[in-house]
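Notes follow the structure.
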Amino acid sequence: MKLGFLGLGQMGVGMASNLIKAGHDVTVYNRSPGKAAALCEQGATEAKTIADACHGEAVFTMVADDKALRALAFGDSGIIATLPKKAIHISSSTISVALSEELTEVHAKAGQRFISAPVFGRPDAAAAAKLAVVAAGPAETLAACAPLFDAIGHRTFILGDTPPIANLVKLSGNFLIASVIETLGEAMALVGKAGVDLHAYLDMLTSTLFAAPVYKTYGNLIANGVFEPAGFAAPLGQKDIRLALAAAEHLNVPMPVASLLRDRFLTLLANGGENLDWSAVGKLAARDSGQQSPVTD
């Protein structure tokens, strides 16, 4: 398939690379220059403008937030203005439900197709084509995109024919991951202050009560206290909790734990954590308990 791929951050590079490996004709674009070189060596074509990446059958977007996606989608030379009729915009970014609703409507008016397909997984999973794809949109469009999802992930979960549903589910998942980070951090601060070895404690937890990969991944990050380079930066975690709370307010769903997490992320950011991985939230409890903490050191 002839594709465009817009957004070559840590996740986007891995996803685009696997689409190339799967034999697709991929044109890549990134706002900041220089990130396309390695992909071009693999066979990609670098687009000089957004429009240059929008002449195929589909275009992926994988950017940080609503503002970045709006900059790509709208405007005289944006995706909506230049994507051919019946072509597909596949949004894999973690964005607000409201923006997904807007894009669904605007693309339909332009005669284009839109689906939401956010992913679960860190950059190493993106590079290894081990992402979990959460997709929603018209069944025919999803079927056309199935080979693309197979190229970037190990499993695709179809959630319905309304794209914003996938964005809501993605936000709910990130809320749950953040909850794990916070509660793991609190538990580790508790036993750590009593002198328990954190790695031995984590081995016990993940071998018995909590064998899920999320506990192993984030438990090790917290136990090691190494939060740079960030696989998922703390400001993005704060953004996702904020978007989850906005969706909850719209649906009249109280989320008291999400409100607590919003404040925990703001505490991290206020104390110099802008460049740290979002798992650094898990060290705040150790800092608050008077233990030496590398969160902002």
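The values are calculated or read from the model by the stated rules, or taken from the named source; none is laboratory data. In this text, all values refer to a predicted model and were calculated from it rather than measured experimentally. Every residue, glycine among them, receives a Cβ derived from its backbone with ideal geometry; neighbour counts consider all protein chains shown.
The table below lists the values:
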item	result
Exclusive hit being without any contact (Cβ under 8 Å) to a residue 24 or more places away in the chain and either under 26 Å from Val63 (Cβ atoms) or assigned to a loop (DSSP other than H, G, I, E, B) (or both), set Leu261, Leu245, Leu268	Leu245
Helices (runs of 4 or more DSSP H) wholly inside the range 1-93 that include at least 1 residues being within 22 Å of Ala146 (Cβ to Cβ) and at pLDDT 95 or above	10-21, 79-82
Residues (under 30 Å from the mean Cα position of the chain (by Cα) and farther than 13 Å from Asn220 by Cα) located in the range 189-205	Ala189
Any hit, the range 203-221, residues being part of a helix (DSSP H, G or I) and touching a Gly at 6+ places or on another chain (Cβ under 6 Å)	no
Residue in the range 123-150 that is nearest to Pro213 (Cα to Cα), counting only those that are buried (at least 16 other Cβ atoms within 10 Å of the Cβ) and out of contact with any strand residue (DSSP E or B) (no Cβ under 9 Å at 6 or more places or on another chain)	Pro123
Per-region count, the range 211-226, residues among the hydrophobic types (A, V, I, L, M, F, W, C), closer than 18 Å to Ala178 by Cβ and surrounded by fewer than 18 Cβ atoms within 10 Å (Cβ to Cβ)	2
Every residue from the range 253-288 that is within 12 Å of Ala178 (Cβ to Cβ) and either among the basic types (Lys, Arg) or modelled with pLDDT under 95 (or both)	Arg262, Arg264
The range 56-100: number of residues that are closer than 20 Å to Phe157 by Cβ and acidic (Asp, Glu)	0
Sole residue being modelled with pLDDT of 95 or more, in a helix (DSSP H, G or I) and under 29 Å from Met15 (Cα atoms), chosen from Gly173, Gly192	Gly173
Which numbered condition Glu46 fails, given (1) in contact (Cβ under 8 Å) with a residue 24 or more places away in the chain; (2) touching a helix residue (DSSP H, G or I) at 6+ places or on another chain (Cβ under 8 Å); (3) farther than 24 Å from Pro164 by Cα	(1)
